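The numbers here are math on the coordinates, done by the rules we state, and not lab data. Keep in mind the model is a prediction, meaning the values are calculated, not measured. Glycine gets a Cβ as well: all are built from the backbone with ideal geometry, and neighbour counts include every protein chain shown.
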Amino acid sequence: MKIAIFSTKEWVREAFDRANKKHHMEFSYLEPRLNIDTVGLAAGHDAVCLFANDSCDAEVIASLQGMGVRTIALRCAGFNNVDVRAASAAGITVVRVPAYSPYSVAEHAVGLIMVLNRRYHRAYNRVREGNFSLDGLMGFDIRGKTVGVVGTGQIGRVFCGIMAGFSTRLLAYDLFPNEELASTGVEYVALERLFAEADIISLHCPLTRDTHHVVDRDAIATMKPGVTLINTSRGALIDSVAAIEGLKQGQIGNLGLDVYEEEEDLFFEDLSGQVIQDDVFVRLQTFPNVLITAHQAFFTTEAVTTIAETTLENLATVHAGRDCANRLVPEKVYGT
Ligand code: NAD
């Protein structure tokens with residue numbers, strides 16, 4: 001089985017070579033992201049393996065179909081970048097890694113809260129420069145605060161568990177409330193109430209038509225002044241321009257982002273010698289109370305190992321003609 005692995009980085013190569021000792025598949029490690037300009041690189045392969053910022057829309061899928069590619073293997077959980085319906089119509093199977101380490105992402109979200117609240121990002125630089133002033137570094141006790149969790153799937157539930165350890169009051173919103181989580185004291189409420197009452201809001205729902213810009217200008221206006229807002233899920237859950245307005249007005253007190261709605265042109269690349277063209281992103285970077293990491297929440301040894309192993313298991317299962325539990329089907333994805 002020949003697989004074209006797009007968006008390859010050194011860590012991808014290392015993890016997949018390790019996992020492949022069991023499978024002996026043939027890989028083409030390709031650095032470019034998949035899009036309509038690079039799709040030709042998939043010629044001669046049975047499958048393509050993609051990450052969060054590869055773009056696999058209907059046009060790309062039609063090209064893949066023409067080349068005889070039979071499988072799209074996502075090495076991530078989110079699948080908003082693949083037109084699953086178009087793939088299904090083209091007879092291409094789509095598989096993903098629904099769970100690798102919810103701890104990696106949940107712990108990163110908590111890290112963003114801690115750094116922003118206690119201003120570690122500023123303190124680190126100050127102390128290195130011999131500036132031992134505490135001005136501007138005042139934080140708040142997390143104990144007793146209200147934390148709002150949007151999306152209580154695997155990551156959201158782990159996040160709730162960690163935040164419960166801080167003795168917080170936990171509010172949650174999900175289309176499908178989890179009874180087990182509710183029995184631990186997490187209170188499911190309407191999204192409007194969560195926005196209105198939470199001191200800290202963390203987003204853990206997928207990006208769908210319904211959740212696109214779920215945090216927009218109107219939503220921000222209903223939040224507590226000075227709210228801490230954390231997004232480790234998908235960038236387009238937050239309207240970045242509205243977030244900038246909210247930061248300027250002081251309505252948003254802290255903003256922690258591991259994802260950004262236009263991250264495809266930025267993240268995972270070293271652009272340190274280039275002029276960043278995205279003015280919204282650059283403006284976000286100017287705030288002292290904004291912390292951006294470049295989609296690294298998943299990036300732990302445990303998660304990366306599981307990603308590679310599960311991706312190859314998925315490919316082997318599909319290749320053998322067996323039913324794959326991690327297959328995405330339009331009926332489940334789009335609810336039709
Ligand atoms: P999951 O499928 O286990 O949970 C998602 C939850 O969101 C489910 O409980 C679902 O019912 C809920 N949901 C769906 N639509 C909703 C809506 N409109 N409003 C509220 N809740 C809704 O997924 P997960 O493994 O917990 O991952 C969550 C998201 O985290 C993924 O979709 C992905 O985008 C993101 N993610 C980011 C990274 C990273 O490195 N930053 C890594 C992995 C996953």
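A few notes on this one:
- Rounded Å value of the spacing that divides the Cα centres of region 90-147 and region 265-288: 19 Å
- Working note: Karplus 6.51/-1.76/1.60 with θ = phi - 60° gives region 42-54 the couplings 7, 4, x, 10, 7, 8, 10, 10, 10, 10, 4, 9, 6 Hz, where Gly and Pro are set to x.
- The residues packed around residue 144, meaning those with a beta-carbon under 12 Å from its beta-carbon, carry a net charge of +1 if Lys and Arg are +1 and Asp and Glu are -1.
- Sparsely packed trypsin sites (Lys or Arg not before Pro) within region 107-177, loop by DSSP, other Cβ within 10 Å at most 14: 143
- Note on region 42-120: Kirkwood hydrodynamic radius from all Cα pairs is 14.2 Å, rounded to one decimal.
- Each principal axis of the Cα atoms in the chain has its own extent, and those three values, largest first, are 60, 49, 35 angstrom.
- Taking 0.36 nm per residue of sequence separation and removing the Cα-Cα distance, the residue 320/residue 192 pair yields an extension gain of 41.3 nm.
- Cα-derived Rg over Rh, computed across region 167-254 with Rh taken as Kirkwood radius: 0.96
- Kirkwood analysis of region 1-136, using all unique Cα-Cα pairs, places the hydrodynamic radius at 17.3 Å.
- Residue-averaged 222 nm ellipticity for the chain, from DSSP H runs of 4+ at -39500 (n - 2.57), nearest 500: -10500 deg cm²/dmol
- Here, P(r) means the percent of Cα pairs in each 5 Å bin from 0 to the largest distance; for region 102-292 it is 1, 7, 16, 20, 21, 16, 10, 5, 2, 1, 0.
- For region 95-153, the alpha carbon convex hull comes to 123 Å³ per residue, rounded to a whole number.
- Nearest-ten-degree value, helix 10-19 long axis tilted from longest Cα axis of the chain: 60 degrees
- Packing here is the average count of other Cβ atoms within 10 Å per residue, and on that basis the peptides 303-316, 271-284, highest first, run 303-316, 271-284.
- Antiparallel DSSP beta bridges within the chain, as percent of all bridges there, nearest 5: 5 percent
- Cross-link reach is defined here as a Cα-Cα straight distance under 18 Å, omitting same-chain residues fewer than 8 places apart; for residue 9 the aspartates and glutamates meeting it are 17, 26, 31, 54, 263, 264, 265, 269, 270, 302, 309.
- Electrostatic tally near residue 162: other residues with Cβ closer than 15 Å to its Cβ, Lys and Arg +1, Asp and Glu -1, net +3.
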